[in-house]
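FYI, it's all coordinate maths here, none of it is from the lab. The model shown is predicted, which means the values in this text are computed figures rather than measured ones. Positions of Cβ are backbone-derived with ideal geometry, glycine not excepted, and every protein chain shown enters the neighbour counts.
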Amino acid sequence: MNGDSMDSESKACPKCGGEMRQGDMLFDVSILMANPMSPMGGFSAYSAATMSDQTTASPHWEEKTGRRKGFILKSDETKKMTVKGYRCILCGYIELYAAGEKKQD
């Protein structure tokens, strides 16, 4: 299944037969900030929501490609894909799909 067909498809819920709507799963982001007075080794977590009203991150799927990269220090090559999904408007069931290459930040 490619990302384009997900946008135009009309899906029925496999659990109850209700209508499935496409959406994105996002996470509120907390960041670690250095705080030398913290009892936790100099780091403490601060909610990013205090710095910005909408600080979120999208999840991604990462898998090994089976190839190795690097000249001297070899490491496994990985492929990152965005995660898209559908939610049933009747029962709340959620389906997630790895839907194409993730753009590098």
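In this simple spin-label approximation, Cys91 and Ala12 carry label points 7 Å from Cα along the Cα→Cβ vector, and these lie 1.3 nm apart.
Summarising the amide proton neighbourhood of Gly100: residues at separation of 5 or more, or on other chains, whose placed amide H is nearer than 5 Å comprise Thr82. A straight chain from Asp24 to Arg68 at 0.36 nm per residue would run longer than the Cα-Cα distance by 12.7 nm.
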